[in-house]
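Below you'll find the structure, written out as structure tokens, and then a few comments.
The values are calculated or read from the model by the stated rules, or taken from the named source; none is laboratory data. Everything numeric in this text was worked out from a predicted model, so none of it was measured. Cβ atoms come from the backbone with ideal geometry, glycine included; neighbour counts cover every protein chain shown. Keep in mind that these areas ignore ligands, DNA and RNA; they rest on the heavy atoms of the full protein, side chains included. Shrake-Rupley method; radii C 1.70, N 1.55, O 1.52, S 1.80 Å.
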Amino acid sequence: MAENFSDAAPLPAGTRRAGLIRWIERRPGTAFASFLALHFAVWTVLPALLYANLPLDLIEALVYGREWQLGYDKLPPLPWWLIEAAHRVFAADIAYYATAQIAVLVAFALVFALARPLVGVVGALAAVLIVDGLHYFQYTAVKFNHDVVQLPFWALAGYAFHAALRRGRLGSWCWLGLAMGGALWAKYFVLVLVVPYVLFMLLDRQARRAFATPGPWLALGVALIVAAPHIVWWFQSDFLPFAYASHRAAPVRGWFDHVLHPAAFFVSQVFFLLPSFLIAAALFWPSEGKKSVAEPFDRRIVTLLAFGPALAMLALTAVSGRGAVAMWGYPLWLFLGLWLVMAARASVDTARLARIVGAWAIVFAIFVVAFIGNYLVLPPLDHRYRAVLFPGDRLGATLTARFHDSTGATLRYVIGSMWDGGNLAHYSPDQPRVLIDGLPGRAPWIDLDDLRDKGAILVWTQSDPGEVPAAFAAIAPGAALGAPFDLPMRRGDGTVHVGWAILKPR
């Protein structure tokens, strides 16, 4: 058990900064709750104020989620279900951003809960502040997607894994199984989580003893039960998501891809971690003799949590030669802050805590200023396309009205890309369903006979607005081409060129 160190290098009395640090030292739990409240408020309100249009990830969630399928052609359904639930309950954009922050905060709370008995409450707060330096948890987490929804499951897995190995309680093993099974519903990236845990249990002598107990087998059973409906759907759909991923993946060009791609992923993660390293710097400079060390087994477990999944990701990329997207690093570093606090040759005393909090506040403010600058200040200046400034509301209102005027019927279906069709569907007062890319295989839940009976709007913006795209024309022969029109972006001086056609009801 670690101590809460607050006995060295006092700050000058009578300053607001000193008062804040003293308050944090006296009430670190309350300080952590205040941090969570601030994080939630800022990163929920900012996108609600500055995003004039929903980003692609949320448009996609609303297209898929309303269908309530056990699986889809791209990824598991959990984040899309959650966004659809938020849409049905609140019907407000701010609810989607709040959902994202709830996922982040639950992950932080679980990291804090694991860290507290190992490094004390102040050390646990420092561990969370360090990882909050990653843009994954701030700037980019507002776009709720499969990366974000992984976070609480990965954090729960780490917390439960440590508790199960240290205390051996069956309840902890059940939580581990729940986390692993839930992580599959979140994203197929779960493989990178499971493999390091299994290898650790096989290779670590103390952890290996758990195999002689019911715990690991109980965790496996719970994970399979939780994941079973989606796994069954895999077989029923002929492993549709994997075929989609294979089709989209770039081919391996040669032996150098087995080196280049993991190296590029590693460099991207180090770059993203620089703000976290800045926050953690106070732990290592000035250096001093270590005052408290965790038990060796705890240190080995935390090392596994901090680096095991990242090493597994690098190994997978090296073996396959496939490129890795930098944003896949979202859940990899949840426990890095805890590892750094445990590895530091210094306690989190008053002066160090002050520097950690100060550095975190600077990083937090930079992310906030950058967000405001990117979505409020720069659009009129740099003329760069930003999806969150797309005129989805006017697109939905305009084409819905034209369908009504032409047919006298309610708009039930849209044929379009995920972005164009999804925007029209979400912002239309009729809330139509989307035949994605005009391909029945991407939306097998849509009855084509019903679509032709009720009619549809065809919409496109990325090709010639004066000609119906071939895929759309094939699925909706006889659609009447409308006159193209332009819509201004919601902010800045950009313009969207809209092509459209109407398939009238039979």
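Quick check on my filter: what residues within region 185-228 are hydroxyl-bearing (S, T, Y) and open to solvent by less than 20 Å² (accessible area, probe 1.4 Å)? Walk me through it before giving the result.
Kept after step one, since they are hydroxyl-bearing (S, T, Y), are these residues of region 185-228: 188, 197, 213.
Residue satisfying the conditions is Y197 alone.
Identify, please: which residue in region 409-422 is of a type outside the set (S, T, N, Q) and not in a strand (DSSP E or B) and is, among those, surrounded by the fewest Cβ atoms within 10 Å (Cβ to Cβ)? I'd like the intermediate steps shown before the answer.
Taking region 409-422 and keeping what is of a type outside the set (S, T, N, Q), we get 409, 411-416, 418-422.
Okay, now just the ones that are also not in a strand (DSSP E or B), so 409, 411-412, 418-422.
Numbers: A409: 13, L411: 26, R412: 18, M418: 17, W419: 18, D420: 27, G421: 29, G422: 24.
Once the filter is applied, the top-ranked residue is A409.
List pairs: first in region 158-176 and farther than 17 Å from R208 by Cβ, second of a type in the set (D, E, K, R) and open to solvent by 10 Å² or more (accessible area, probe 1.4 Å), Cβ under 8 Å, 6+ apart or cross-chain?
A163/R169
Restricting to region 135-158, count the residues that are assigned to a loop (DSSP other than H, G, I, E, B) and buried (at least 23 other Cβ atoms within 10 Å of the Cβ). Write out each step before concluding.
So in region 135-158, the residues assigned to a loop (DSSP other than H, G, I, E, B) come out as 138-145.
If we keep only those that are buried (at least 23 other Cβ atoms within 10 Å of the Cβ) too, we end up with 138, 141-142, 144-145.
Number satisfying all stated conditions: 5.
Can you pull out the residues in region 471-506 that are among the β-branched types (V, I, T) and over 12 Å from L399 (Cβ atoms)? Can you show your working first?
Restricting attention to region 471-506, the residues satisfying the condition of being among the β-branched types (V, I, T) are 475, 495-496, 498, 502.
Result: I475, T495, V496.
Counting only residues that are at negative phi and touching a residue at least 40 places away in the same chain (Cβ under 8 Å), give me the helices (runs of 4 or more DSSP H) lying completely in region 317-408 with at least 3 of them. I'd like the intermediate steps shown before the answer.
Values: elements: 336-343, 350-372, 379-382, 392-407.
Ranges flagged: 336-343, 350-372, 392-407.
Yes or no: Y97 farther than 19 Å from F272 by Cβ and open to solvent by less than 20 Å² (accessible area, probe 1.4 Å)? Give the derivation first.
Values: farther than 19 Å from F272 by Cβ: yes; open to solvent by less than 20 Å² (accessible area, probe 1.4 Å): yes.
When the stated conditions are applied, Y97 passes them.
List every residue pair whose Cβ atoms lie under 8 Å apart, where the two residues are 6 or more positions apart in sequence or sit on different chains, the first residue falls within region 444-459 and is free of Cβ contacts under 8 Å to residues at least 12 places away in the same chain and under 25 Å from R394 (Cα atoms), and the second residue, located anywhere, is open to solvent by 40 Å² or more (accessible area, probe 1.4 Å) and small (G, A, S).
From residues that are free of Cβ contacts under 8 Å to residues at least 12 places away in the same chain and under 25 Å from R394 (Cα atoms), there are no pairs.
Pairs please, first residue from region 482-506 and assigned to a loop (DSSP other than H, G, I, E, B), second anywhere and among the charged types (D, E, K, R), Cβ atoms under 6 Å, 6+ apart in sequence or on different chains.
Qualifying pairs under 6 Å: P505/K454; R506/R452; R506/D453.
Would you tally the residues in region 28-47 being open to solvent by 40 Å² or more (accessible area, probe 1.4 Å) and either closer than 18 Å to V148 by Cβ or of a type in the set (A, V, I, L, M, F, W, C) (or both)?
6
Counting only residues that are surrounded by 14 or more Cβ atoms within 10 Å (Cβ to Cβ) and of a type in the set (A, V, I, L, M, F, W, C), which one in region 9-27 is modelled with the highest pLDDT?
It comes out as I24.
Tell me the residue from R299, R345, R352 that is basic (K, R) and closer than 27 Å to A164 by Cα, please.
Details: R345 fails: closer than 27 Å to A164 by Cα; R352 fails: closer than 27 Å to A164 by Cα.
Answer to the selection: R299.
Select from region 297-326 the residues that are over 22 Å from A183 (Cα atoms) and open to solvent by less than 30 Å² (accessible area, probe 1.4 Å) and write down the one among them that is nearest to the chain's Cα centre (by Cα).
That would be G321.
Applying the selection to region 449-465, what residues are of a type in the set (A, V, I, L, M, F, W, C) and either open to solvent by 70 Å² or more (accessible area, probe 1.4 Å) or in a helix (DSSP H, G or I) (or both)?
Taking region 449-465 first, the residues of a type in the set (A, V, I, L, M, F, W, C) are 451, 456-460.
Answer for region 449-465, where residues must be of a type in the set (A, V, I, L, M, F, W, C) and either open to solvent by 70 Å² or more (accessible area, probe 1.4 Å) or in a helix (DSSP H, G or I) (or both): just L451.
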